[in-house]
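Scroll down for the structure; my scribbles are underneath it.
FYI, it's all coordinate maths here, none of it is from the lab. Please read these numbers as outputs of a predicted model, since none were measured by experiment. Virtual Cβ from ideal backbone geometry, glycine too; neighbours counted across all protein chains shown.
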Amino acid sequence: MFSTNPRLDRAAVLAGVCTLSILMCTCRQPALFRGQAQAEAGGPVPIATAWPWESRAPLLYGHGLQMAVDETNAAGGVLGRPLRVLREDDRESVDEGRLVARRLAQDDDVVAVIGHMQSYVSLPAAAIYDLFGIVHLAPTSTDPRLTQQGYRRLFRMTFTDRETGAQMADFAAERGYDRIAIYYIRNAYGRGLANAFEEQALERGVGIADRQSYDPNAVGGDRALTDILASWRDLNLRAIFIAGEPREAAAMIRAARERAIDVPVLGGDALGTADFVSMGGRAVEGTVLAAAFHPGDERETVRQFSVRFRERYGRLPDTSAALAYDAVRLLAHGMTRAESVDPDRVADALRATAGWRGVTGPVTFTDDGDLVERAIGKVVVRNGQLVWLGDGAEGE
């Protein structure tokens, strides 16, 4: 996922350093203490989840997470102990995310945290979780920097922006799109995704005809977009790649179609939402987007998950629900494999996991806590729906 405020990209890292310095003055071997406390504990196993519950209410993340907890507990829990979920709202804010992380760090019972949605919130929070010996599963944070800090208990559950951009460039090259314009949001997510796409496109011999960015909070954005599209009409484009948010991306495509720019459009994973489709209407038909999950995936694990989810909630799961579901189930798998809820032993078990079958695909982690690279799925907007194109994902 991505930040909505370009200034937060730099502030997130600084906030993490400042908070870490304060906490280090007050802690007493926190990681060791937490491990000892959990080794001696009984009763429910507390896991926390940090998410912008209020601002992102339409997403089905909470449903997927609770379904996984309930299924795990119905099957006997973890080592005979049920999971208990503590919910925190980070409000998509660096400051609030830091406060959430501090509260959880000061609770010696918390074994693991699943969160946060935004990379700029995860970055400073991850430093706190690592210092205090908490396993941290990041379900939707895509900034590559997250796993470059040397944290030993951090695991990313989805693709990085670099992987997504590179694989979408490969997709463009395979379809002969030899002159492409890039349109991206002016923050770490947009820049990272656009850079990765451009780098791989050039490697594959695909020309980048132009590259333009936008600030969603800027005054006069409509006028700037009009000027960009006017310049693109003479570029003989073969395709457009968008690394941005659903609202601005939909508006951009509508405006392009109104100006007879009818070339194919490709986009990053953040656009794969019902909001993008509804806001774009007929203009976004045929748009191809990166996707970590889609209920139309024909793998049996996905089919069964989607059926159970629909029976329970009356609708099909979205990507956030699938990633949350996988995070809980994988965490339970790590605890079972470790024969312990001690965070360090659980982290070791997760790092040793190979080919675990999740609904979002097979899970094997690198030493840094990233997923071993696998094919990224794609969806296309067709008749007002997101339709699965496939990804070739396989698992043991």
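Under a model in which nothing but the beta-carbon of Lys, Arg (+1) and Asp, Glu (-1) is charged, the range 162-291 shows a dipole of about 240 debye around its Cα centre.
As a rough guide to protection, the peptides 131-139, 238-246 ranked by mean Cβ packing within 10 Å, highest first, stand as 131-139, 238-246. Rounded to the nearest 0.05, the FRET efficiency derived from the C-beta distance between GLN149 and ARG247 at R0 = 35 Å is 0.65.
Take the Cα of VAL387, step 7 Å toward its Cβ, do the same at ASP262, and the gap between the two points is 1.9 nm. In this simple spin-label model, placing a label point 7 Å from the Cα along the Cα-to-Cβ direction at both ARG337 and GLU311 gives a separation of 2.8 nm. Can you pull a Stokes-Einstein diffusion coefficient for the range 290-373 at 37 °C (0.692 mPa s), Rh from Kirkwood over Cα pairs, as a whole number of µm²/s? Estimated via Stokes-Einstein, D reaches 241 µm²/s. Between the residues GLY77, THR287, SER141, the greatest Cα displacement towards the positive end of the dipole of the chain, with unit charges on the Cβ of Lys, Arg, Asp and Glu, is found for THR287.
Which value, to two decimals, describes the C-alpha radius of gyration of the chain once divided by 2.2 N^0.38 Å?
Rg over 2.2 N^0.38 Å, computed on Cα atoms: 0.99.
This ranking places GLU203, GLU54, GLU163, GLU96 by how few other beta-carbon atoms lie within 10 Å of each, fewest first, which gives GLU54, GLU203, GLU96, GLU163. Take the Cα of ARG81, go 7 Å toward its beta carbon, and the backbone nitrogen atoms of the range 42-65 under 14 Å from that spot belong to 42-48. For the chain, give the share of DSSP beta bridges that are antiparallel, in percent and rounded to the nearest 5; count only bridges with both residues there. Expressed as a percentage, antiparallel bridges in the chain total about 30. The modelled label-to-label distance for the pair ARG282/THR301, using points 7 Å beyond Cα in the direction of Cβ, is 4.1 nm. Taking the range 162-291 on its own, what percent of its Cα-Cα pair distances exceed 26 Å? In whole percent, the share of Cα-Cα pairs in the range 162-291 beyond 26 Å is 11. In the chain, if the dipole is taken from +1 on Lys/Arg beta carbons and -1 on Asp/Glu beta carbons about the Cα centre, which of SER320, ALA332, LEU123 is farthest to the positive end? Value: SER320.
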